[in-house]
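Data first, discussion second: the structure below is written as structure tokens.
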Amino acid sequence: MNTKIDEILVSALHISPADITDQLTMSEVETWDSLQHMDLIASLEQAFGVEFTFDEIVSMQSVAEIKRVLQGKGVEV
């Protein structure tokens, strides 16, 4: 795994590190449902010491978008 984000995705979504690309979206991952999405969000908030707005949470439906939102909060990705 390359990054802390990858580690969180693997743990929260129960996917293989090899499956993680920036293009990976919520609709492509069977385990990435609304409940797992909130677990993922909580894990990201805790790991990076940030809080997401409702709009950010709704938009974070791909790895690329997760990284974009985190970068907007000053997190190096």
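The values are calculated or read from the model by the stated rules, or taken from the named source; none is laboratory data. In this text the structure is predicted, and so the values were computed from the model without any measurement. Reconstructed Cβ throughout: ideal geometry from the backbone, glycine too, with neighbour counts over all protein chains shown.
The figures follow:
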quantity	calculated
The range 57-77, residues that are in a helix (DSSP H, G or I) and either touching a helix residue (DSSP H, G or I) at 6+ places or on another chain (Cβ under 9 Å) or not polar (S, T, N, Q) (or both)	I57, V58, S59, V63, A64, E65, I66, K67, R68, V69, L70, G72
Residue check, E56 loosely packed, with under 11 Cβ neighbours inside 10 Å, closer than 18 Å to R68 by Cβ and in contact with a Lys or Arg (Cβ under 9 Å, 6 or more places away or on another chain)	no
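Residues are listed down the side, and each one gets a yes or a no for (1) modelled with pLDDT under 95; (2) surrounded by 13 or more Cβ atoms within 10 Å (Cβ to Cβ); (3) under 12 Å from the mean Cα position of the chain (by Cα):
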residue	(1), (2), (3)
T3	yes, no, yes
L9	no, yes, yes
I20	no, yes, yes
M26	no, yes, yes
D33	no, no, no
H37	no, yes, yes
L40	no, yes, yes
L44	no, yes, yes
G49	no, no, no
